[in-house]
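Novice: Quick one: this structure, given as structure tokens, is what I'll be asking you about.
Please treat every number below as a calculation from the coordinates, not as lab data. As the structure is a computational prediction, the values presented were derived from the model and not from experiment. When we count neighbours, we look across all protein chains shown, and the Cβ atoms used for this are built from the backbone with ideal geometry, even at glycine.
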Amino acid sequence: MNVTTGTMTGTTAVLLLACLPGCSEVAYQARVISRLSNVELWDLYLEESDFSGLSLIEVELMARNDIFKIDKDDALQGYAGQRVLSLVEPDRFPREDPVPDGTCATFESRGAAQQAFLSAGAPLEDRKGLDPDGDGLACGWKACLTYARDEGQRYQAAYRRWERGPRYRKLSSLEKALYYGGTAIIYRKPPDKVPIHFSSPERRPKPEGC
């Protein structure tokens, strides 16, 4: 992300925002990200490589409850957590001078804690003691990303089962009789088969605080 111009890598969004002297670069990035559409967010997420940028986008997507992206044919293209979880491991960012554990309960959500964590110099620094294990995720934020990843993978598994299954089913005699609602003014012969449309699995509840 180019925070100087407010332009987003891989998108055409240009936001007329200014990072005044003394402002936090991460806080500025968060402001820019909050003004993008969901489509622009996903385009940026799938191309971004910076840990902080990826994490900020995931915070915004989770806040909007837009946890995975599908294409026009219902195929999965990506899910929140896909990029950052692959980079996360304990002690990836060693805490040489650990500070007392911060109070995660002061934040309204785990996402808000993660954003504040990044705004304070994370993941390299943990001035507020929100990431004692040094994995780059604060206050249980990993549980939120794991939920999004699992829901994305459940969707993908269901879609693949549908892809491998039959695409059409035969109509019963009763279904044929009712196919036009019994109100056809001009008789038309009903089809023998109809497409089987993909039905997305129902999402499970998000973990508390996500």
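Novice: Using 1/(1 + (r/R0)^6) with R0 = 35 angstrom and r between the beta carbons of Ser199 and Glu25, what's the FRET efficiency to the nearest 0.05? Working shown, then result.
Specialist: On the way: r = 44 Å, r/R0 = 1.25.
E(calc), rounded to 0.05, equals 0.20.
Novice: Kindly rank 76-88, 40-52, 197-209 from highest to lowest mean number of other beta carbons found within 10 Å of each residue.
Specialist: Values: 76-88: 19.3, 40-52: 17.8, 197-209: 11.5.
Ranked from most to least packed, the peptides come out as 76-88, 40-52, 197-209.
Novice: Based on the mean of other beta carbon atoms within 10 Å per residue, what is the order of 53-60, 152-159, 167-174, most packed first?
Specialist: Values: 53-60: 24.4, 152-159: 17.0, 167-174: 10.5.
Ranked by mean Cβ neighbours within 10 Å, highest first: 53-60, 152-159, 167-174.
Novice: In nanometres, what is the gap between the two model label sites at Asp73 and Asp192, each 7 Å from Cα along Cα-to-Cβ?
Specialist: The modelled label-to-label distance comes out at 2.7 nm.
Novice: Run the numbers on the range 42-136 and let me know its relative contact order in percent, using alpha-carbon pairs under 8 Å that are six or more apart. Each step should come with its number before you reach the end.
Specialist: Details: 99 pairs, mean separation 27.5, N = 95.
Worked out over the range 42-136, it gives 29 percent.
Novice: Mind running the shape call on the range 25-165? Use the C-alpha gyration tensor, a ≥ b ≥ c as the square roots of the eigenvalues: rounded below 1.5 for a/c, prolate if a/b tops b/c, oblate otherwise. Don't jump to the answer; show the numbers that get you there.
Specialist: On the way: a/c = 2.35, a/b = 1.77, b/c = 1.33.
Prolate.
Novice: Let me ask something else about it. Mind giving me the nanometre distance, one decimal, between the label points for Val39 and Glu108, set 7 Å out from Cα along Cα→Cβ?
Specialist: 2.9 nm
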